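For reference, the structure is listed below as structure tokens.
The values are calculated or read from the model by the stated rules, or taken from the named source; none is laboratory data. Owing to the predicted nature of the structure, the values given are computational and were not obtained by experimental measurement. Note that each Cβ is placed from the backbone with ideal geometry, even for glycine, and that neighbours are counted across all protein chains shown.
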Amino acid sequence: MDDQHDVIIIGAGATGLAAARHLCDAGADTVVLESSDRVGGRIATELIDGYRIDRGFQVVNTAYPALRRLVDLAELDLRLFDHAVVLADGTHRYQIADPRRHPSRLTDSLCTPVAVSELLRLARFSVRVGYGSARALLAEPETDAGSYLAAVLDEQTIRRLVVPFLTGVFGAEPLRTSSRVLTMIWRSFVRGRIGVPAAGMARLAELLAAPLPSGCVRLNTRVTGISGHRVRTEVGGFRAAAIVVATDPSNAAALLSRLTAPPQRALTTVYHSTDTAPSARPVLLLDASGRTGIANSVVLTNAAPQYAPVGRHLVATTLAHGQPVDERALRRALGHLYGVDTSSWQQVTTVHPTPGLSAALPPRRHLRDPVMVGDDAFLAGDYRDSPSIQGALASGHRAARAVCADLDLSPGFTHS
Ligand SMILES: Cc1cc2nc3c(=O)[nH]c(=O)nc-3n(C[C@H](O)[C@H](O)[C@H](O)COP(=O)(O)OP(=O)(O)OC[C@H]3O[C@@H](n4cnc5c(N)ncnc54)[C@H](O)[C@@H]3O)c2cc1C
């Protein structure tokens, strides 16, 4: 006998959990089938020797509108990073800080190799993208991020400042990203603060899942096929009026033959422990030389001391590739960038998150790919919107609304 429900959601990542929250609020009998033994998908934290290791360095942005609809930010207990970056080239380190949030560091920003005129252009651009109308931004002609930014900033500023920053956000070749995705993500950086939950990124997944009714999420339940209103799993069959495929793109493509998965951008994060923090502030360090392959490095414990045992520090360094890392060479490069002796640093672990990030190449149109695929399934995932937690949550919400319309339910809204 098949297990019968109103809605089956496949995948308990941010997308599937968001869809489940909205559908349960609307009164739909919903089951989430998840192949792994935990919720959260790409949002995960592991405890290794007392260090909180997120599965790839990632952050929550307080300006994500879809996040505020589902999670009480106070419960996340976010530990914020400075609204600034440090540009390092092996010889010097320059800090560029947002003067609204760190007015006392304005002079630091003026003493960088980035010309004052460029900083002003960057500020004007950020104000327009951050506080102008989102609708107007999405109505601009779509191009790639490189062409879009070339109309705003000079080549050197893009190469030395913007590319290193965006590599940590979009992975390799960030300038190929859709200008629409660039402006929406940049908007959230201008409007919000970034940080990590004191308990690690997995806390976000826990909070997304917590209000779901007991038994709603079935772990260790891999879906192996969909036909009509039925799904097959390794532990039996399920049947529902609506099926939402909320997996990562390659697993979605394996379940739905019509779908082509977008290219992936691999990211690798190396975690080091040390007894002395190489910098005093919770701020992203960027490699302005572009020679080391480092996208960014951050002393996580400067923001969240809970990420390491008392008296220790945890440094997360992200590289925009999925290749094995020469750890000694990386440590030397970090020594040059931070300007400290890193010979006593110990590698806690290196993570190669799979899947990585979906490349958001143009055309991404209005970042709202169709939710219905054929008659039998609804499709959701960050790659249907923007490759971010916001994109995943918003896509899950859109799929839930479409299911509600299909099943004649009133969409539920969570205001917790
Ligand atoms: C290294 C890295 C850093 C990132 N940094 C940031 C950041 O700083 N800020 C930000 O906003 N975003 C960041 N992101 C992006 C963000 O993590 C993702 O956009 C988001 O988590 C995607 O959620 P999802 O639910 O769409 O997909 P996933 O998290 O991939 O969830 C899909 C789920 O489906 C399950 N599944 C797959 N196949 C099956 C099957 N056949 N049957 C049942 N279940 C199945 C999987 O186990 C998984 O749990 C980062 C991503 C990575 C990888």
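Brief remarks on what is shown
- Just one residue in the set Gly146, Gly56, Gly90 is assigned to a loop (DSSP other than H, G, I, E, B) and either within 20 Å of the chain's Cα centre (by Cα) or crowded, with 17+ Cβ neighbours inside 10 Å (or both); that residue is Gly56.
- Some residue of segment 341-357 being part of a helix (DSSP H, G or I) and modelled with pLDDT of 95 or more: no
- Qualifying positions in segment 363-412 - in a loop (DSSP other than H, G, I, E, B), within 14 Å of the ligand (Cβ to nearest atom) and of a type in the set (A, V, I, L, M): Leu367, Val371, Ala380
- Scanning segment 65-81 for residues that are assigned to a loop (DSSP other than H, G, I, E, B) and surrounded by 21 or more Cβ atoms within 10 Å (Cβ to Cβ) returns Val71, Phe81.
- Boolean, Pro262 is part of a loop (DSSP other than H, G, I, E, B) and modelled with pLDDT of 95 or more: no
- Residue check, Leu161 within 21 Å of Ile194 (Cα to Cα) and among the aliphatic types (A, V, I, L, M): yes
- Residue, surrounded by the fewest Cβ atoms within 10 Å (Cβ to Cβ), within segment 259-281, restricted to residues that are touching a residue at least 12 places away in the same chain (Cβ under 8 Å) and within 19 Å of Arg364 (Cβ to Cβ): Pro263
- Qualifying positions in segment 175-199 - of a type in the set (Phe, Trp, Tyr) and closer than 16 Å to Ala136 by Cα: Trp186
- Flag for Arg265 being away from the ligand (no atom under 12 Å from the Cβ) and either touching a Cys at 6+ places or on another chain (Cβ under 6 Å) or at negative phi (or both): no
- Of the residues in segment 334-351, at least one is touching a helix residue (DSSP H, G or I) at 6+ places or on another chain (Cβ under 8 Å) and within 16 Å of the ligand (Cβ to nearest atom).
- Any hit, segment 104-121, residues being assigned by TED's automatic domain parsing to the domain that holds Thr292, within 16 Å of the ligand (Cβ to nearest atom) and either without any contact (Cβ under 8 Å) to a residue 60 or more places away in the chain or outside any helix (DSSP H, G or I) (or both): no
- Restricting segment 21-53 to residues that are of a type in the set (A, V, I, L, M) and part of a loop (DSSP other than H, G, I, E, B), the residue that is nearest to the ligand (Cβ to nearest atom): Ile43
- Residue count for segment 337-360, restricted to those that are out of contact with any Pro (no Cβ under 7 Å at 6 or more places or on another chain) and surrounded by fewer than 17 Cβ atoms within 10 Å (Cβ to Cβ): 8
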